[in-house]
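So the structure is just underneath, and the comments pick up after that.
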């Protein structure tokens, strides 16, 4: 069984993702630069709105999602359990997925989060 989530409908610019970020929300605003960082990882990056959240793919294979909750934003990694995380940014105990929480005033170091996105 292929563990990768494949999304053939992912596109270079998904209108649903643009609409998600257009909603005025300070937590979504925290995620916007990380959306751009993930999209800049290569010429084959694509996006779509999956389960109500922006999802970034390499080709059609999902590697990252973004979401805003009541008290924090989250960057989720579909294969986060396999990522090197010497800084201990990743949270979660699932078989594969992990996430990093973003809170106003308590943001992770940018270089370390960028390194996780690059590794994903």
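General observations
- Pairs where the first residue, in region 25-38, is more than 17 Å from residue 114 (Cα to Cα) and the second is part of a helix (DSSP H, G or I), C-beta under 8 Å, 6+ apart: 28/20; 28/21
- Against the list (1) touching a residue at least 40 places away in the same chain (Cβ under 8 Å); (2) in contact with a strand residue (DSSP E or B) (Cβ under 9 Å, 6 or more places away or on another chain), the condition residue 67 fails is (1).
- In region 13-37, residue farthest from residue 67 (Cα to Cα) [restricted to those that are assigned to a loop (DSSP other than H, G, I, E, B) and touching a strand residue (DSSP E or B) at 6+ places or on another chain (Cβ under 6 Å)]: 14
Where a number appears in this text, it was derived from the coordinates with a stated rule and is not lab data. These numbers were taken from a predicted model, which means no experiment stands behind them. Ideal geometry is used to build each Cβ from the backbone, glycine not excepted, and the neighbour counts take in all protein chains shown.
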